[in-house]
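Peer 1: Mind looking over this structure? Questions follow.
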Amino acid sequence: MARVLVGISGGIAAYKACDLVRLFVKGGHEVVPLVTPAAERFVRAETFFALARRSPYDDLYVHLTRADLLVVAPLTANTLAKLAHGLADNLVTEAALAHRGPVLLAPAMNPRMWASPATQSNVEVLRARGALFVGPGEGETAEGEWGVGRLAEPEEIFRRSRELLGETDSLAGRRVLVSAGGTREPLDAVRFVGNRSSGRMGVALAEEARRRGAEVTLLAANLAVPPPRGVEVVETPTAAAMLDEALARRDSDVVVMAAAVADYRPAESAEGKRPKDDQPWQVTLEPTADVLRTLGEGRTNGQLLIGFAADRGDRGLARAREKLEQKRVDLMVYNDISRSDIGFDAGDNEVVLISAAGERRVAKAPKDEIAAAVVDAAEELLREQGR
Ligand code: CTP
């Protein structure tokens, strides 16, 4: 998920930034708290680090130029003036100069300070540079005055932030189960029969569903990439574990089987490490249960099922069409593995989306864009089927 710089400047409303940080963390985002010395008079930086689940010894400078969003809440009149003039005398003002993404500012100050021509002209300068403002709202200030100067509510700041990060609620309230990676079927305690799937495609799908507000569980089979934040991760190293965990969540609204599940496993697995000798090692492979097919056959609750088919050329495409019916799924995502620049273990992918209504080719693109196209198709099917 996104990396968000949360700047906190020195006003009494700094305590409300605690809730804001919690909302970002709960939403699966990485938060980098930037606390000015004046803000520390109200809330210690350690509090924000603890809420952001980061070490207080983290070097924050490395994050200043690599973030998806900068939010300053509360923004005092003093920090606002510094931002308007490009000063760089603390972490927040330095971040504002270094950061290249969207900026959301949530002012909080005495109403007369907010209304003063100096502050208003600084606001205009920042607006003209593309900064967005949320609040301040009208109400009673901490000092007992009435007027416009109250910090916007953390929920409102969070809502605007999500918009700026391109997040939606189109899958809010939906439970989405995604499998990713490749299973490893043990030959003994150290050796296995496996495949080259990195899990990138499934991880991108889980992240995309999360960005759209879904409650996501990721069945993770030996991922070579880190799982996204904000999703429940369940380790499923083998086909048998994948089947058990998928069946335990058969009430999910959408299931996306992006994992490369082994079709066969060694019939016997030695305990400990099998010692070497000079005889050939005969291994008998027995079929595993097909997770997708089992879910397809057993589904009763109008769940949406999506499968992936990794195969070669036009014949593979024809087989993927057959799998749509055989496995009783709503959407098959066909991946041509005869090409080395896409698919397994690559950053890009190019797929054909196959449903009963027809087919659509999604041109070669990074896996997160392919994931967005797959989730778009899933949403369209949910709508069509009135779910
Ligand atoms: N799949 C599964 N359980 C298995 C094998 C595959 O759930 N034991 C799922 C995969 O996650 C994928 C889909 O089935 O979503 C298609 O997998 P694929 O390997 O292309 O097809 P298979 O049915 O295994 O057929 P084949 O290997 O003959 O192409």
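Bear in mind these aren't lab numbers, they're just calculated from the coordinates by the rules spelled out. These numbers were taken from a predicted model, which means no experiment stands behind them. Cβ coordinates were reconstructed from backbone atoms using ideal geometry, including for glycine residues, and neighbour counts include every protein chain displayed.
Peer 1: Could you put T76, T141 in order, starting from the residue whose Cβ has the fewest other Cβ atoms within 10 Å?
Peer 2: By the 10 Å Cβ count, ascending, the order reads T141, T76.
Peer 1: Does anyone have the angle between helix 154-164 and the longest principal axis of the chain? Alpha-carbon axes, 0 to 90°, nearest 10?
Peer 2: Approximately 60 degrees, to the nearest ten.
Peer 1: Follow-up. Using only the alpha-carbon atoms, how far is helix 14-26 inclined from the longest principal axis of the chain? Give it as 0 to 90 degrees, nearest 10.
Peer 2: Relative to the chain, helix 14-26 is tipped by roughly 10 degrees.
Peer 1: Could you tell me the relative contact order of segment 175-384? Use alpha-carbon pairs under 8 Å, at least six residues apart, and round to a whole percent.
Peer 2: 20 percent
Peer 1: Please give, to one decimal in nm, the separation of the simple spin-label points placed at E271 and V148, each 7 Å out from Cα toward the Cβ.
Peer 2: The modelled label-to-label distance comes out at 7.6 nm.
Peer 1: Using the number of other C-beta atoms within 10 angstrom as an exposure proxy, rank S252, S116 with the fewest first.
Peer 2: Lowest count first: S116, S252.
Peer 1: Let me ask something else about it. Based on alpha-carbon positions alone, could you give the equivalent ellipsoid semi-axes of segment 239-290 from the gyration tensor, as √(5λ), descending, whole Å?
Peer 2: Ellipsoid half-lengths, sorted descending, are 32, 11, 8 Å.
Peer 1: Let me ask you something else. Provide Rg over Rh for the chain; use the alpha carbon set for both Rg and the Kirkwood Rh (inverse mean inverse pair distance).
Peer 2: 1.09
Peer 1: Please determine, in degrees from 0 to 90 and to the nearest 10, the orientation of helix 239-248 with respect to the longest principal axis defined by the Cα atoms of the chain, where the helix direction is its Cα long axis.
Peer 2: Computed tilt is about 60 degrees.
Peer 1: While we're on this one: Work out the charge dipole of segment 227-351 with +1 on the Cβ of Lys and Arg and -1 on the Cβ of Asp and Glu about the Cα centre, then indicate which of Q279, V234, I306 is farthest towards its positive end.
Peer 2: I306
Peer 1: Order these by the 10 Å Cβ neighbour count, fewest first: D314, D330, D290.
Peer 2: Ordered from fewest to most neighbouring Cβ atoms within 10 Å, D314, D330, D290 come out as D314, D290, D330.
Peer 1: When the chain is fully extended, how far beyond the present Cα-Cα distance does A241 get from Q385, taking 0.36 nm per residue of separation?
Peer 2: Contour length minus the Cα-Cα distance gives 48.7 nm.
Peer 1: Expressed in whole Å with the largest first, what are the equivalent ellipsoid semi-axes of segment 83-203 derived from the C-alpha gyration tensor as the square root of 5 times each eigenvalue?
Peer 2: Semi-axes (√(5λ), whole Å): 48, 19, 13.
Peer 1: What pairs from K16/K82; K273/K323; K26/K364; K82/K367; K327/K367; K327/K364 go past 29 Å between their alpha carbons?
Peer 2: Beyond 29 Å between Cα atoms: K273/K323; K26/K364; K82/K367.
Peer 1: Go through G130, L223, P107 and say which Cα lies farthest out towards the positive end of the charge dipole of the chain; charges sit on Cβ, +1 for Lys and Arg, -1 for Asp and Glu.
Peer 2: G130
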